[in-house]
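Following: one structure in structure tokens, then a few remarks.
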Amino acid sequence: AAGVIQSPRHLIKEKRETATLKCYPIPRHDTVYWYQQGPGQDPQFLISFYEKMQSDKGSIPDRFSAQQFSDYHSELNMSSLELGDSALYFCASSPGTGGYEQYFGPGTRLTVT
Amino acid sequence: GIQVEQSPPDLILQEGANSTLRCNFSDSVNNLQWFHQNPWGQLINLFYIPSGTKQNGRLSATTVATERYSLLYISSSQTTDSGVYFCAVMSSGGSYIPTFGRGTSLIVHP
């Protein structure tokens, strides 16, 4: 069965640079969630999209933005990177919002030096 | 927002032992999932269980929504069960913001 695809899997950036993470949801899933997981922490919800519109917002810094495109893939744009942005970034998709099971991608490991 | 508490925070078992992990939540939910994060960082779906009981092999889960808790049972544990187990919920109060617990870190020794 098709799974959630994230790219790149690993990314190394320097402080103050920008990064773009991509997420391709499971086919026919219209909802995408983004999470940030720091070392030894639980995943923290950043932002979600339903049918290409922003649905809910969590603890996403103003330096980050995201969108969902017409083909339902989503991109998380991160600017003015800081050392504290080093983390595992997950994307998850579901066939709707709320009472639907989320399926997680393998994650993108971002290291900021 | 909704609060999620998992217990115990850490658990060390010998292979073959059974265990029960608990997830308490502070509000009614319309979505509850259990995940296993393996040592490579992958988040693996175990159960989608906002209410009721489910079983999958050596694992089973029960959510008592009216009392705001869920239990994950692991029987005959194996070394491959090692990792962190997370409970994640969404409140039924209108927003669809997922909230994770802090997880239970499980180590199974051979």
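Listed by chain and number, the aspartates and glutamates whose C-alpha is less than 18 Å from the C-alpha of A:Lys15, apart from same-chain residues fewer than 8 away, are A:Asp62, A:Glu82, A:Asp85. Note on chain B: GNM, Cα springs under 10 Å; of B:Gly93, B:Gly57, B:Gly16, the largest mean-square fluctuation is that of B:Gly57.
For segment B:77-84, backbone phi angles converted through the Karplus equation (6.51, -1.76, 1.60; θ = phi - 60°) give residue-by-residue couplings of 4, 10, 4, 6, 7, 4, x, 10 Hz, Gly and Pro being listed as x.
Accessible-area rank, largest first, for B:Ile44, A:Ile12, B:Ile74: A:Ile12, B:Ile44, B:Ile74, with all protein chains present and a 1.4 angstrom probe. For chain B, treating each Cα as an identical point scatterer without solvent, what Debye log10 I(q)/I(0) comes out at q = 0.12, 0.18 1/Å? Summing over Cα pairs of chain B leads to -0.37, -0.82.
With no solvent and one equal point scatterer per Cα, compute the Debye intensity ratio I(q)/I(0) for the protein assembly as shown at 0.10, 0.17, 0.18 Å⁻¹ and report its log10, rounded to two decimals. Results for the protein assembly as shown at q = 0.10, 0.17, 0.18 Å⁻¹ read -0.44, -1.22, -1.32. Counting charges near A:Thr97 (Lys, Arg +1; Asp, Glu -1) among other residues having Cβ under 11 Å from its Cβ returns a value of -3. 3J(HN,Hα) along segment A:81-92, derived from phi through the Karplus expression 6.51 cos²θ - 1.76 cosθ + 1.60 where θ = phi - 60°, amounts to 4, 10, 4, x, 7, 4, 5, 9, 10, 10, 10, 10 Hz, with x in place of Gly and Pro. Across chain B, Cα pairs under 8 Å and at least six residues apart give a relative contact order of 37 percent.
Comparing A:Gln54, A:Gln41, A:Gln67 in a Gaussian network model of chain A, where Cα atoms under 10 Å apart are tied by springs, the biggest mean-square fluctuation is seen for A:Gln41. Remark: relative contact order (chain A) = 36 percent; criterion is Cα-Cα distance under 8 angstrom and separation of 6 or more residues.
For segment A:20-48, heavy-atom accessible area (probe 1.4 Å) falls by no less than 50 Å² from the chain alone to the full protein assembly at A:Asp42, A:Pro43. Near B:Ile44: Cβ cut-off under 13 Å, other residues only, Lys/Arg at +1 and Asp/Glu at -1. The net charge is -2.
When a/c is below 1.5 the answer is rounded, else prolate if a/b is larger than b/c, else oblate, so apply that to segment A:5-112 with a ≥ b ≥ c taken from the square roots of the Cα gyration tensor eigenvalues. Prolate is the answer for segment A:5-112, as a/c is 1.5 or above and a/b outweighs b/c.
The values are calculated or read from the model by the stated rules, or taken from the named source; none is laboratory data. These numbers were taken from a predicted model, which means no experiment stands behind them. Because the Cβ atoms are built from the backbone with ideal geometry, glycine has one as well, and the counts that use them run over all protein chains shown. Please note that ligands, DNA and RNA were not included when accessible areas were found on the heavy atoms of the full protein model with its side chains. Shrake-Rupley method; radii C 1.70, N 1.55, O 1.52, S 1.80 Å.
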